[in-house]
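Reviewing the structure listed below.
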Amino acid sequence: MRTTIKNRMMIGASLLMMTFSLCLTDANAQTCAKVPTCEELGYTKTCCQAGKALKCPFDQTKLFCGEECQAGDIYYSDNTCSHEYEEDKQVVGIVAGDGLIIGYMDVTGGKVSLTWEEAKNACEGVKTGGKSWRLPTVEEGQLIATHIDDIENTLKVLREYNYDPYWVQFKGSYFWSSRTVGQVAYYFNSGHTGFSTTPKTEYHRVICVFDF
């Protein structure tokens, strides 16, 4: 079970109350339990990538970031993520892993495939929630391939709620990367990526990504 912000607040408050309750205020004898450190309470971060942060009551610079986004999670416009679909939130993309989000919005205008220049401009032209959308690097293409099963399982969930991303066909399709020379296109095949040296004037599929 994942630890939530609410649970963390309850745990922290309980431990704090237990600490103070064990203190005796007798002037002649005082016995106090050791105050737990922020790290012992689970406040081990100094910044949070996504979601709401909870500050340690003893040191406001130490944070608990709540649930961390996992590969295959649904990413929402309020910078939160969840494995289950939350119908009261707006879907922005799917977590590919390591802080990378695959954007959900159709940037092709219904064309599906674009030239490299068109794809680059289309991704960079998206402004959602202050995020900087872009073409993925070839390394990020490999990251997407590594978690392709998790991503496709999430797509099945989203389809039940009439979400059907334009980039849904992964395997066997070529996608543009951000690389400017050499092998600028990649394709998915059984969890791995292959790379192709292709003219930028050719038409390939587009996936836009951003960092949360």
| In square angstrom, what is the accessible area per residue of the stretch 60-212 with a 1.4 angstrom probe? | 47
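What FRET efficiency comes out for Glu152 versus Ser132 if R0 is 41 angstrom and r is the Cβ-Cβ distance? Round to the nearest 0.05.
Values: r = 26 Å, r/R0 = 0.63.
Efficiency for this residue pair is about 0.95.
Once Rh for the stretch 98-212 is found with the Kirkwood sum over Cα pairs, what is the Stokes-Einstein diffusion coefficient at 4 °C and 1.567 mPa s, in µm²/s? Kindly include the intermediate steps, with their values, before the conclusion.
On the way: Rh = 14.2 Å.
Rounded to a whole number, D works out at 91 µm²/s.
Using 0.36 nm times the number of residues separating Glu40 and Tyr203, minus their current alpha carbon distance, what extension gain do you get?
Numbers: separation 163, 0.36 × 163 = 58.68 nm, distance 5.36 nm.
Additional length available on full extension: 53.3 nm.
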| request: At 7 Å along the Cα-to-beta-carbon direction for both Glu87 and Glu160, put a label point, then send me their distance in nm to one decimal. | output: 1.2
| note | Karplus-derived 3J(HN,Hα) from phi for the stretch 141-149 (6.51 cos²θ - 1.76 cosθ + 1.60, θ = phi - 60°), whole Hz, x at Gly and Pro, runs x, 5, 4, 4, 4, 4, 10, 4, 5
| message | At a 10 angstrom cut-off on C-beta neighbours, averaged per residue, how do the peptides 69-77, 101-109 rank from highest to lowest? | response | 69-77, 101-109
| remark: 1/(1 + (r/R0)^6) with r = Cβ-Cβ of Lys171 and Asp59, R0 = 35 Å, i.e. FRET efficiency to nearest 0.05, evaluates to 0.15
| task | Express the carbon and sulfur contribution to the solvent-accessible surface of the stretch 74-177 as a percent, rounded to the nearest whole number, probe 1.4 angstrom. | result | 44
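The values are calculated or read from the model by the stated rules, or taken from the named source; none is laboratory data. A quick note: this is a predicted structure, and the numbers were derived from the prediction, not measured. Neighbour counts run over all protein chains shown; Cβ positions are idealised from the backbone, glycine included. All accessible areas refer to the heavy atoms of the entire protein, side chains included, with ligands and DNA or RNA removed. Shrake-Rupley method; radii C 1.70, N 1.55, O 1.52, S 1.80 Å.
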